[in-house]
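Only one structure is covered here, and it is reproduced in the block below.
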Amino acid sequence: MARSAPIFLTLIALSFSPPSPRPAHAQVEKVTASEVRDRESLKGFVLWAESVFGRIEDMDEGRRVLDEVRTEGSDYNVGNVYVILFTTEGRVFIHGEDPDMDRRRAADVQDDRGTPVVREMLATGAEDGGGFVEWCWDDPADPDDVHCKDSYAIRYYSPVSDRDFVIVGGYYQDLDARRQAAGPAACRGRSAQR
C-alpha cells in the first residue's frame, strides 16, 4: 500500500489540474501528397500533416520534417501538391515549394480575381476544424495549367515554438465541369462546404 500512495496522490492531483488549452493531436489516417486527387483526399492530407506537425517536440525533429516538406517526392511535396505554413498574422513561415517565400508577408496577396486569398485561408483555418478555400492563379510559365486551385486550411499549435500557425495544402484542379454548370463565378474564393 505504501508504494501505491505516490501514484494515488499523483492521480488525484492530475484530476484537479486544469485542462490543457491545446487539444491533443490524435492519430489520423496518413494521406500523402501523392494521394491527393480531390477535396476529401486534400483534406485528409492537410489533417494528417497537421497531426504530424503538432506532435513535433524538438528542433531536430522539426528540421527533419522541414527537410521532408521541401523535398520533391516526399510525403509532403509531390508536383503541385505541397504544404505552406503561415503565421496567424499572414507571414509565410515555411513554403513547401519555394523557400524564397519564407518569412515574407503574404496577408495582402490577392488571387487573379482580386480575392484576398491568404486572408481567407487564415480566416478559414481559424474556424473550428478549418475548411476549404478556392482561389484562382494563372501560372504564366505553364500554358497548360489549370487556373483555379482548391486549398484546405486549418490552424494548429506548435509545442516547440509555443504558437499557433495555419497550415494550408492545395492542388490544381480541373474546374471546367463546374464552370460550365455554375458559370464564371465558379471560382470565387471561400467555399461554404466543409
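The values are calculated or read from the model by the stated rules, or taken from the named source; none is laboratory data. The structure presented is a predicted model; accordingly, all values stated were derived computationally and were not measured. Virtual Cβ from ideal backbone geometry, glycine too; neighbours counted across all protein chains shown. These accessible areas exclude ligands, DNA and RNA; they are computed on the full protein's heavy atoms, side chains included. Shrake-Rupley method; radii C 1.70, N 1.55, O 1.52, S 1.80 Å.
Some observations on this one:
- Residue check, residue 89 assigned to a loop (DSSP other than H, G, I, E, B), over 27 Å from residue 120 (Cβ atoms) and open to solvent by 70 Å² or more (accessible area, probe 1.4 Å): no
- Note on the stretch 142-194: residues that are of a type outside the set (Asp, Glu) and at pLDDT below 70 amount to 22.
- For the stretch 104-132, the set of residues classified as open to solvent by 20 Å² or more (accessible area, probe 1.4 Å), among the charged types (D, E, K, R) and either touching a residue at least 60 places away in the same chain (Cβ under 8 Å) or outside any loop (DSSP other than H, G, I, E, B) (or both) consists of 105, 113, 119, 120, listed by residue number.
- Selection within the stretch 137-169 - farther than 22 Å from residue 109 by Cα and among the aliphatic types (A, V, I, L, M): 160
- Taking each residue of the stretch 29-50 that is closer than 12 Å to residue 83 by Cβ and looking for partners that are part of a loop (DSSP other than H, G, I, E, B) and of a type outside the set (Val, Ile, Thr) with beta-carbon atoms closer than 6 Å, six or more apart or interchain, yields 32/75; 33/76; 48/30.
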